Amino acid sequence: MIIQPGIAKANLGVSREDVTLEDHPLNPNPDSRWNTYFKDNEVLLQIDKDVRRLYPDMAFFQRPTDYPCLLILDPQNEFETLRRRVEQTTLKSQTVARNRSGVTNVSSPLKSTPSSLSEYEVLPNGCEAHWEVVERILFIYAKLNPGIAYVQGMNEIVGPLYYTFATDPNSEWKEHAEADTFFCFTNLMAEIRDNFIKSLDDSQCGITYKMEKVYSTLKEKDVELYLKLQEQNIKPQFFAFRWLTLLLSQEFLLPDVIRIWDSLFADDKRFDFLLLVCCAMLTLIRDQLLEGDFTLNMRLLQDYPISDVHLILKKAKELQDSK
């Protein structure tokens, strides 16, 4: 939730607070509650934009959850839902994007249409779609972790986690999908958050080091393929950045992503195993890569052709055992 300064909970018997004497919307003070409110809006806009297009080929995230947050939906409260905040005219008038460098870009669209706000149909009042639950998880994470806040791609990390919990056949466990997802997402981000911080890219824990590690591992396992990619000047940044940062969540269908994650998280050195999975993906298409030119190989790497994740995991385990 984003609480507009001056609005209190009605059911607590607290009257609306007049904050205009000490604070106001034009107050430039970093401690201003209005300043915080507007920055929250910027973060929310980017989150909302990303979660609305989360797995668009699946109907699941558009469907209503059986366990909405009743506190927020309670008409006795004056809290505005995140959905309501996004529907405000002030939010629709600008497009906000925050990249990995921490730079926020604000632009006004030339034309706004009613359908431009959402790829997903908004449900009636009293209902919450699964993507709205994901949106709340990401926003609360951003509020609790201001050092990293929200960066594009985090939605691809939280999506498979939430789907797994929210589709659990045990209804008692499924009821707590939001809380369980937040807990697991927070713990997972504690391990991979450095991938989303640009200032750490060139450090030993940064994403650049990990991408180079993919190539150094490939050199050990298949030097011929490694030299071919080097000869064509195909850098790991061209494909491995997405593979590693998003844990392959954009390369395969959601059920296959969950299968890969199951193997990753079961391994004590889970992210070393991720490097081996990436190497396995390369070696499984080595014949095409050795024969192809730069353009063809880039197409192969950016739109990976093999969908059998069991074959990929088997190859990764073979690479692991060959050490």
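The values are calculated or read from the model by the stated rules, or taken from the named source; none is laboratory data. Here the structure is a predicted model, which is why all the values come from computation and not from measurement. Here the Cβ positions follow ideal geometry from the backbone for every residue, glycine too, while neighbour counts run over all protein chains shown. Surface accessibility is based on the protein's heavy atoms, side chains included, excluding ligands, DNA and RNA. Shrake-Rupley method; radii C 1.70, N 1.55, O 1.52, S 1.80 Å.
Can you spot a residue in the range 258-277 that is among the polar types (S, T, N, Q), assigned by the TED database to the domain that holds residue 216 and surrounded by fewer than 17 Cβ atoms within 10 Å (Cβ to Cβ)? Checked against the condition, which is being among the polar types (S, T, N, Q), assigned by the TED database to the domain that holds residue 216 and surrounded by fewer than 17 Cβ atoms within 10 Å (Cβ to Cβ), the range 258-277 yields no hits at all. If you check residue 246 against the conditions, is it among the aliphatic types (A, V, I, L, M) and either under 24 Å from the mean Cα position of the chain (by Cα) or open to solvent by 10 Å² or more (accessible area, probe 1.4 Å) (or both)? Yes; evaluated as a whole, the condition is true for this residue. Looking at the range 187-215, which of its residues are open to solvent by 50 Å² or more (accessible area, probe 1.4 Å) and not aliphatic (A, V, I, L, M)? Passing the criteria: 187, 191, 193, 198, 199, 202, 204, 205, 209, 210, 212, 213. For the range 48-93, which helices (runs of 4 or more DSSP H) that fit wholly inside it have 3 or more residues that are open to solvent by less than 90 Å² (accessible area, probe 1.4 Å) and at pLDDT 70 or above? In the range 48-93, 70-73 are the helices (runs of 4 or more DSSP H) which contain 3 or more residues that are open to solvent by less than 90 Å² (accessible area, probe 1.4 Å) and at pLDDT 70 or above. Checked against (1) closer than 30 Å to residue 136 by Cβ; (2) outside the structural domain of residue 140 (by the TED database); (3) free of Cβ contacts under 8 Å to residues at least 60 places away in the same chain, residue 184 passes all but a single condition, namely (2). Of all positions in the range 286-300, at least one carries a residue that is under 21 Å from residue 217 (Cα atoms), without any contact (Cβ under 8 Å) to a residue 60 or more places away in the chain and either of a type in the set (S, T, N, Q) or surrounded by fewer than 14 Cβ atoms within 10 Å (Cβ to Cβ) (or both).
Residues that are farther than 20 Å from residue 82 by Cβ and buried (at least 16 other Cβ atoms within 10 Å of the Cβ) within the range 139-164 comprise 160, 164, listed in sequence order.
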